[in-house]
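J.: Dropping a structure here in structure tokens format, bear with me for questions.
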Amino acid sequence: MSTMSLEPVPGRSDEMIVNMGPQHPATHGVLRVVLGLEGERITRAVPHIGYLHRNHEKIEEARTYPMVIPYTDRMDYVSGTQNELPFVLAVEDMLGIEVPDRAKKIRTMFFELYRLASHLVWMGTAMLDLGAISPFLYTFWDREIILGIVEKTAGARMLPNYYTFGGVRRDVHPDFFKDVADFLDHMERRMVDYEHLVLESPVVHARTIGVGVLSKERAVARGVSGPVLRASGVAYDVRKAFPYDAYPDVEFEIPTSPDGDTYARFWVRFQEMYQSIRILRQLVELTPKTGPYKGKAPARIKPPAGERYRAVENSRGELGVLVVSDGTDKPYRVKHRGAAFSNLQIVPDLFEGAKFSDAIAILASLDPVFGEIDR
Amino acid sequence: MSQIPIPEDRHFRPRLLGYDPQKSRPWLERTVYSAYVFVFWLIVIGTYAGVPALFGALGWDSGWGFVLMRTLQVVLLFLLSAVIALLLILLLRKYLGKVQERYGPMHYGPAGGIQTVFDALKLLAKEDFVPAAADVLTFRLAPAITFVASFAMFAVIPFASGWVLADTNVGLIYLIAVSTLSAYGVLLGGVSSGNKWALIGALRAGAQMVSYEIPLALVFLTVAVWSGTLSLGGIVDAQLGLWNFLPLALPFVLYVIASLAELKHIPFDFPEAESELIAGYNVEYSGMSFAFFFLAEFVELFLLPALIVVFFFGGWHGPLFGLEPGSLAAGALESLYFTAKTAVWVWIFLWIRATLPRYRDDQLMEFAWKAMIPLALFGLVLAAYLRLIWR
Amino acid sequence: MSLTAFYALAAFVLVFAILAVTTASMVRAALSLAITFFLIAGLYLLLGSPALAAIQFMVNASAIPIMTLFIIMMTQSRTSAGPRSWQIAAGLLAAAAALVFFKGNVGHGDGQITPVSPETLGVNLLQAALLPFEVASVLLLLAMVGAIVLARRRAG
């Protein structure tokens, strides 16, 4: 059976088979969805991915372990260091490297900063898809501040290559904690505005409430994770289920919503932003201002033969890495489990029966990033 | 915003063009806008007072001389619509920039003032191709029809007392007719493009415009019933003591919403949803044909607020400070009042455009048919009843 | 001068009317019909009734062509065969009959045009021609209801 296109079904003469993407402003990247449209209603949807496939996993088999880290950065490119962490954790487990407490907290701070950055991008682009052109610029300004903070420490904005085995590559900039504290004050004021513009807007309510309802059973059956899963009522968060880094030391909640519609996904991401701000505030207090930023790690990273899977809670869901080592200094296989890749599997289910503009809203709420999906 | 940690200068990138983007010069921008408005005002005075005075002095008032005079006025109005488009496109980009915490165009001209001229030149220089699957004649004709429909509204708009091209006693019906015609141009454009997406966009656009024309026409009728006349000059005259937006509050609100839908403006810009259908019905157009669609939209962005002012805000009424009514000076002052009020309403439309997301297609239609039409009918009946008992 | 205008308008009415029935493309036929009605509105204007001209413009030259375009788009019918020979013959016969019928009336007018104001039109519609007016509105209502019923039957 050819899945490259939809064949017309006899008896459905009204159905128009239309190609959406891969160049389309609303598909959040290079997604091609072949739609069967009956007037305004979608009857069938087949997504095609792979337009951003860059062969990461094969390339990583020919790179030494420290060289793999910049490649992982480029998967979910709006989340920066979040992508580095599962790989770093897996190798640290295999080698038994101890990470000092301060390094763990610094890593977690960057992790949550990038969660905020990713959710800001999501909010701007989701509102852009829904038609509001201004929130995009406000959220990107806030993201500029985050990227500036990261750049002062790590040297690069979006793809910083900052984590390493045992901790982080260099110590944080002296202004780091003050910058983050000021940014959090600013962000708390901005969240009030964002809530007015997004969550309380009657147009957003009309476009998202009741649209694209994902039931709990289907979400679990499809392997969905992250805010999409939590918006369908399942309280699964890798940070609580399999804690890593400094998460056992901070207090935070997992927002869930029983509704499962697009508005619930919007709401859950908002609440996650609030929780991130809360975690960052605690960490600004808790992190020792002086101390080691990197544990002892061997000069040559050669994990013993074996395999290890570690997962973290990305902005999109459960991002996992399976590292298979054969004892040399290059990994035998690195398999990335992309959160957005699994989340994309519900697209045919959710699109069926929806109207075309609902499809846009649904894609916006799923927040796919194609670097992670196609790798 | 001064408390946030702006990263050090070398971390904060854009340094284009040799000027410091941190320093905007609002006084320069305001001068540029005032210059445009001044040119606009001069053209209005020239069209409505200068040309008739000239032709009257030459004695070419009737017969073919009259035809020539009207032709010249129409040409001047075309120039006016070009100035309007130049200003409004610039204003849109600058105002959107202000709302979005950025500068808008800054490069060409003082504070970006000549940007639109370069946009127009770019559109002129683009290849104006016709897609292979398109019906060439209708494809070429559609933007012209849309533009003419918008432009034809100028004929009945009173800029000042007596400053109207055609103060017919059926001005309102004429307005309804030409706004329907602009929907026709949109549909024709989509049908003749030979492109599935353009067709979908044209269907949506046409359905939306036609649905919102009914409350629009009903509000026109309400205003006509209240003012007792179908001519726009008469409607303005009837607002001498009381501007219409107070007694006709409900029709006024409905008219603003219906105008937004006619303009295909956010929150009703579904037919032009840039993030969904690329550009909807005008996706296959480029070059000057596209420019005409664009021009039509921006001319209407001026005209529909002008109509709001004419119907509900007393048109050109304003204190004359002792000037003799009917004289050139009074006419100039009144047209300035008209322009100022229209500018306020254009600003409100742009503000709405910058802020709101868009409604979905069927929500739009539901709103028009199930909410606006009954309300408009109710408003009409109420206005008729009030007129009976008050006047 | 109005005579020149009349001859010009009449000539173009003929041209576009013939185009409307002979073109193969449906879209162009609908467009030509719209232009024909628009020019007839011009004729009404010459006859001194701007109200009727505006209404003719609004209904026949704007709204009806939009309806025809919707129908063309939704039924995806783009071309029609041109008129067949018997249709052309019937048309010419009808034109000849009309000429004969109206010949008695040509050239008997007194050349005076009494302008009809919208008030007069409205008053006449609601007083002298009340019954046909109401019948027409009921007819339109019937047509609308019928269209909704048909559409619902097709969709459901």
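The values are calculated or read from the model by the stated rules, or taken from the named source; none is laboratory data. On a predicted model such as this, the values are computed, not experimentally measured, just so you know. Using ideal geometry, Cβ is built from the backbone for each residue, glycine included, and neighbour counts are taken over all protein chains shown.
J.: Restricting the search to region A:52-70, which residues are in contact with a helix residue (DSSP H, G or I) (Cβ under 8 Å, 6 or more places away or on another chain) and within 13 Å of A:TYR163 (Cβ to Cβ)? Don't jump to the end; show me each part of the working.
T.: Step one: list which residues in region A:52-70 are in contact with a helix residue (DSSP H, G or I) (Cβ under 8 Å, 6 or more places away or on another chain), which gives A:52-54, A:56, A:59-60, A:63, A:65, A:68-69.
Across region A:52-70, the qualifying residues are A:TYR65, A:VAL68, A:ILE69.
J.: Given region A:295-372, what helices (runs of 4 or more DSSP H) lie entirely inside it while holding 3 or more residues that are over 26 Å from B:ARG358 (Cβ atoms)?
T.: Result: A:339-343.
J.: Only one residue in A:GLY226, A:GLY210 is more than 8 Å from chain B (Cβ to nearest Cβ), modelled with pLDDT of 90 or more and on the phi > 0 side of the Ramachandran plot, so which one is that?
T.: Values: A:GLY210 fails: modelled with pLDDT of 90 or more.
Testing whether each residue is more than 8 Å from chain B (Cβ to nearest Cβ), modelled with pLDDT of 90 or more and on the phi > 0 side of the Ramachandran plot leaves just A:GLY226.
J.: If only one of A:VAL180, A:VAL150, A:VAL211 is in a loop (DSSP other than H, G, I, E, B), hydrophobic (A, V, I, L, M, F, W, C), crowded, with 20+ Cβ neighbours inside 10 Å and in contact (Cβ under 8 Å) with a residue 24 or more places away in the chain, which one is it?
T.: A:VAL211
J.: Scan region C:10-62 residue by residue and report those that are under 24 Å from B:ILE176 (Cβ atoms) and in a loop (DSSP other than H, G, I, E, B).
T.: Of everything in region C:10-62, those that are under 24 Å from B:ILE176 (Cβ atoms) and in a loop (DSSP other than H, G, I, E, B) turn out to be C:LEU47, C:GLY48, C:SER49.
J.: Just the residues that are at pLDDT 90 or above, buried (at least 21 other Cβ atoms within 10 Å of the Cβ) and either of a type in the set (D, E, K, R) or touching a strand residue (DSSP E or B) at 6+ places or on another chain (Cβ under 8 Å) (or both), please, taken from region B:324-383.
T.: The one that is at pLDDT 90 or above, buried (at least 21 other Cβ atoms within 10 Å of the Cβ) and either of a type in the set (D, E, K, R) or touching a strand residue (DSSP E or B) at 6+ places or on another chain (Cβ under 8 Å) (or both): B:LYS341.
J.: If a residue must be in contact (Cβ under 8 Å) with a residue 12 or more places away in the chain and either touching a strand residue (DSSP E or B) at 6+ places or on another chain (Cβ under 8 Å) or farther than 24 Å from B:ALA134 by Cβ (or both), how many such residues does region C:1-20 contain? Reasoning before the result, please.
T.: Let us first name the residues in region C:1-20 that are in contact (Cβ under 8 Å) with a residue 12 or more places away in the chain, namely C:2, C:5-6, C:9-10, C:12-13, C:16-17, C:19-20.
Subsequent filtering for residues that are either touching a strand residue (DSSP E or B) at 6+ places or on another chain (Cβ under 8 Å) or farther than 24 Å from B:ALA134 by Cβ (or both) retains C:2, C:5-6, C:9-10, C:12-13, C:17.
Selection size over region C:1-20: 8.
J.: Taking into account only those residues within region B:122-154 that are of a type in the set (D, E, K, R) and more than 16 Å from B:LEU86 (Cβ to Cβ), which is farthest from the chain's Cα centre (by Cα)?
T.: Going residue by residue through region B:122-154, those that are of a type in the set (D, E, K, R) are B:122, B:126-128, B:135, B:140.
From what is left, the residues that are more than 16 Å from B:LEU86 (Cβ to Cβ) are B:126-128, B:135, B:140.
On the way: B:LYS126: 25, B:GLU127: 27, B:ASP128: 25, B:ASP135: 29, B:ARG140: 23 Å.
Among those residues, the one meeting the criterion is B:ASP135.
J.: Could you name every one of the helices (runs of 4 or more DSSP H) located completely within region B:49-133 that has at least 2 residues being closer than 18 Å to B:LEU350 by Cα and at pLDDT 90 or above?
T.: On the way: elements: B:51-58, B:64-99, B:115-125.
Counting at least 2 such residues, we get B:64-99.
J.: Another question, if that's okay. Within region A:37-76, take every residue that is closer than 30 Å to B:ASP361 by Cα, in contact (Cβ under 8 Å) with a residue 60 or more places away in the chain and not in a loop (DSSP other than H, G, I, E, B) and give me the one that is nearest to the other protein chains (Cβ to nearest Cβ). Walk me through how you get there before you give the answer.
T.: Going through region A:37-76, the residues closer than 30 Å to B:ASP361 by Cα turn out to be A:37-49.
Cutting the leftovers down to in contact (Cβ under 8 Å) with a residue 60 or more places away in the chain gives us A:37, A:40-47, A:49.
Okay, now just the ones that are also not in a loop (DSSP other than H, G, I, E, B), so A:37, A:41-47.
Values: A:LEU37: 8, A:ARG41: 10, A:ILE42: 13, A:THR43: 14, A:ARG44: 17, A:ALA45: 15, A:VAL46: 18, A:PRO47: 17 Å.
Step by step, filter region A:37-76, then rank; the result is A:LEU37.
J.: Could you please find all residues in region C:1-47 being β-branched (Val, Ile, Thr), within 14 Å of chain B (Cβ to nearest Cβ) and either in contact with a His (Cβ under 8 Å, 6 or more places away or on another chain) or closer than 22 Å to B:ARG140 by Cα (or both)? Explain how you work it out, then say what you get.
T.: Initially, region C:1-47 is screened for residues β-branched (Val, Ile, Thr), giving C:4, C:13, C:15, C:18, C:21-23, C:27, C:35-36, C:40.
Imposing the further condition that a residue be within 14 Å of chain B (Cβ to nearest Cβ) reduces the set to C:4, C:23, C:27, C:35, C:40.
Residues satisfying the conditions are C:THR23, C:VAL27, C:ILE35.
J.: Within region B:190-228, how many residues are facing chain C (nearest Cβ under 9 Å) and among the β-branched types (Val, Ile, Thr)?
T.: Of the residues in that region, 2 qualify.
J.: Pick from region A:70-112 the residues that are over 26 Å from A:PHE183 (Cβ atoms) and among the charged types (D, E, K, R): which of them is surrounded by the fewest Cβ atoms within 10 Å (Cβ to Cβ)?
T.: Going through the qualifying residues, I end up with A:GLU98.
J.: Part of a helix (DSSP H, G or I), touching a Leu at 6+ places or on another chain (Cβ under 8 Å), within 21 Å of B:PRO251 (Cα to Cα) and hydrophobic (A, V, I, L, M, F, W, C): which single residue out of B:LEU301, B:LEU364 fits that description?
T.: On the way: B:LEU364 fails: touching a Leu at 6+ places or on another chain (Cβ under 8 Å).
Criteria check complete, one pass: B:LEU301.
J.: Restricting to region A:251-280, count the residues that are under 22 Å from A:TYR163 (Cβ atoms) and more than 19 Å from the chain's Cα centre (by Cα).
T.: Selection size over region A:251-280: 0.
J.: Do you know which residues across region A:237-252 are within 28 Å of A:ALA221 (Cα to Cα), part of a loop (DSSP other than H, G, I, E, B) and in contact (Cβ under 8 Å) with a residue 12 or more places away in the chain?
T.: If the condition is that a residue be within 28 Å of A:ALA221 (Cα to Cα), part of a loop (DSSP other than H, G, I, E, B) and in contact (Cβ under 8 Å) with a residue 12 or more places away in the chain, then A:ASP237, A:PHE242, A:TYR244, A:PHE252 are the ones that fit.
J.: Next up: Can you tell me which residue is nearest to the chain's Cα centre (by Cα) among those in region B:98-121 that are more than 15 Å from B:ARG30 (Cα to Cα) and within 14 Å of another protein chain (Cβ to nearest Cβ)?
T.: Going through the qualifying residues, I end up with B:VAL99.
J.: Looking at B:ASP167, B:ASP119, which one is in contact (Cβ under 8 Å) with a residue 12 or more places away in the chain, surrounded by fewer than 20 Cβ atoms within 10 Å (Cβ to Cβ) and assigned by TED's automatic domain parsing to the domain that holds B:GLU297? Write out each step before concluding.
T.: Numbers: B:ASP119 fails: assigned by TED's automatic domain parsing to the domain that holds B:GLU297.
Exactly one residue qualifies, and that residue is B:ASP167.
J.: Same structure, new question: Quick check on region B:355-365. Is at least one of its residues within 14 Å of chain A (Cβ to nearest Cβ), touching a His at 6+ places or on another chain (Cβ under 9 Å) and under 30 Å from B:VAL210 (Cβ atoms)?
T.: To start, the set of residues in region B:355-365 that are within 14 Å of chain A (Cβ to nearest Cβ) comprises B:355-365.
Cutting the leftovers down to touching a His at 6+ places or on another chain (Cβ under 9 Å) gives us none.
Scanning region B:355-365, I find no residue that is within 14 Å of chain A (Cβ to nearest Cβ), touching a His at 6+ places or on another chain (Cβ under 9 Å) and under 30 Å from B:VAL210 (Cβ atoms), so the answer is no.
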